[in-house]
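Worksheet: one structure, shown below.
The values are calculated or read from the model by the stated rules, or taken from the named source; none is laboratory data. Quick caveat: nothing in here was measured; it's all calculated off a predicted structure. Here the Cβ positions follow ideal geometry from the backbone for every residue, glycine too, while neighbour counts run over all protein chains shown. Surface accessibility is based on the protein's heavy atoms, side chains included, excluding ligands, DNA and RNA. Shrake-Rupley method; radii C 1.70, N 1.55, O 1.52, S 1.80 Å.
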Amino acid sequence: MQAQPKVMGIVNLTPDSFSDGGRFSDVSRAVERCLELVAHGADVLDLGAESTRPGAAPVSIDEELRRLLPVLRALDVQGCPVPVSVDTTKAEVARRALDHGASWVNDVSALDDPDMAPTCAEAGCTVVLMHRRGSPVTMQADTHYADLIGEVCSFLKARAERAIQAGVDPGQLVVDPGVGFGKASEDNARLIAAVPRFAALGYPVLIGASRKRFIGDLTGVRAADQRVFGSVGAALEAARRGAAVLRVHDVAATVQALRVQGAILRAGA
Ligand code: HH2
């Protein structure tokens with residue numbers, strides 16, 4: 001029987017994230033939120049300083065570091081008990097974050113920055129490679145795929161090979177089909193249903209469905225922060241299909257649901 005997935009708790013240090021923008025842009029509130037998510041059972045924290053939502057404006061390296069480094073420093077002082085991931089597409093931001101104690105890089109562009117793979121190889125960090133089409137500005141312009149799952153698998157395989165060629169340990173790679181990134185609403189459920197196909201690539205699979213718009217489309221819940229129940233449903237189904245990491249805003253609800261699911265699965269084994 002497969003292990004219970006790791007829960008990655010999201011902390012957005014941004015003014016404009018789609019569901020929690022502006023809530024944790026102050027350093028002490030961000031650190032408080034990190035420690036709260038750890039207390040709720042997060043296995044890893046994902047700190048993001050640039051929104052990836054459709055239409056989000058790009059942020060400079062300096063601005064991303066200005067948002068990120070004080071929080072990493074404060075977490076270091078507090079002795080954060082779980083690994084910290086940095087959600088960035090910029091090698092320079094990743095490098096500085098890794099120097100400040102981060103040990104995962106979550107790259108939604110899957111190594112578009114040519115310096116990202118060597119930076120991660122040198123640090124020996126965990127690397128999340130996510131599929132997306134285009135940039136946040138363009139990604140919802142064309143969401144048609146002739147073979148959605150096949151195309152996402154080929155992309156992730158190619159980017160994993162790129163990482164390995166640059167010296168990243170294959171055992172440090174995690175792949176992610178990119179729920180909501182350049183996908184038609186109804187295709188997001190297909191991505192979650194296809195977790196076993198992505199897992200067959202040989203790397204742990206991360207699913208980030210939390211509070212996303214397709215959950216609003218399926219349930220009629222317009223406010224992103226009210227999509228907790230739908231998000232937990234998505235997380236459980238991803239877990240049942242073998243996802244190894246669940247990236248979520250609502251850690252307490254997800255951990256509670258996973259514990260019950262795990263007990264039932266073990267009881268029936
Ligand atoms: N989704 C978001 C951001 N980063 N990283 C991975 N690996 N997978 C995802 O699905 C993913 C991600 C978007 O969610 P959020 O961070 O809440 O919003 P924003 O990008 O607006 O800050």
Roughly speaking, to the nearest percent, how much of the chain's 1.4 Å accessible area is carbon and sulfur? 52
Just the C-alpha atoms of the stretch 50-187: what Rg/Rh do they give, with Rh taken as the Kirkwood radius? 0.98
Near the amide H of ASN106, under 5 Å away, which other amide H atoms are found, from residues 5 or more places off or on another chain, if H is placed in the peptide plane? VAL86, ASP87, THR88, VAL128
With a 1.4 Å probe and all protein chains left in place, how much accessible area per residue does the stretch 1-90 have, in Å²? 43
So the pair-distance distribution of the stretch 1-55, from every Cα-Cα distance in 10 Å bins, comes to percents of 25, 47, 22, 6, 1
LYS6: accessible area at probe 1.4 Å, nearest 10 Å²? 100
Computed from the mean reciprocal separation of all distinct C-alpha pairs, what Kirkwood hydrodynamic radius does the stretch 1-112 have, in Å? 14.1
What does the helix-only formula give at 222 nm for the chain: each DSSP H stretch with n ≥ 4 adding -39500 (n - 2.57), the total divided by the residues, and the result rounded to the nearest 500 deg cm²/dmol? -13000 deg cm²/dmol
May I ask for the net charge around ILE149, where only other residues with Cβ less than 13 Å from the Cβ of ILE149 are counted and Lys, Arg are +1 while Asp, Glu are -1? +2
Under a 1.4 Å probe, what is the accessible area of the stretch 182-260 per residue, stated in Å²? 42
The whole-number value in µm²/s of the Stokes-Einstein translational diffusion coefficient for the stretch 116-269, with Rh from the Kirkwood sum over alpha carbon pairs at 10 °C and 1.306 mPa s, is 97
Projected area averaged over orientations for the stretch 95-154, convex hull of C-alpha atoms, nm²: 5.0
Residue farthest toward the positive end of the dipole of the chain, with Cβ of Lys/Arg at +1 and Asp/Glu at -1: which of ALA224, PRO15, GLN172? ALA224
Going out from 0 in 10 Å bins, what whole percent of all Cα-Cα distances in the chain drops into each bin? 7, 31, 40, 20, 2, 0
Give the Cα extents of the stretch 41-93 along the principal axes, in whole Å, largest first. 34, 23, 15
Treating only the Cβ atoms of Lys and Arg (+1) and Asp and Glu (-1) as charged, compute the dipole magnitude of the chain about its Cα centre; round to the nearest 20 debye. 780
Ignoring ligands, DNA and RNA, how do HIS100, HIS249 rank by accessible area with a 1.4 Å probe, largest first? HIS100, HIS249
Return, for the Cα atoms of the stretch 144-192, the radius of gyration and Dmax in Å, separated by a comma. 12.4, 37
Measure of exposure for ILE264: accessible area at 1.4 Å probe, Å² rounded to 10, is 110
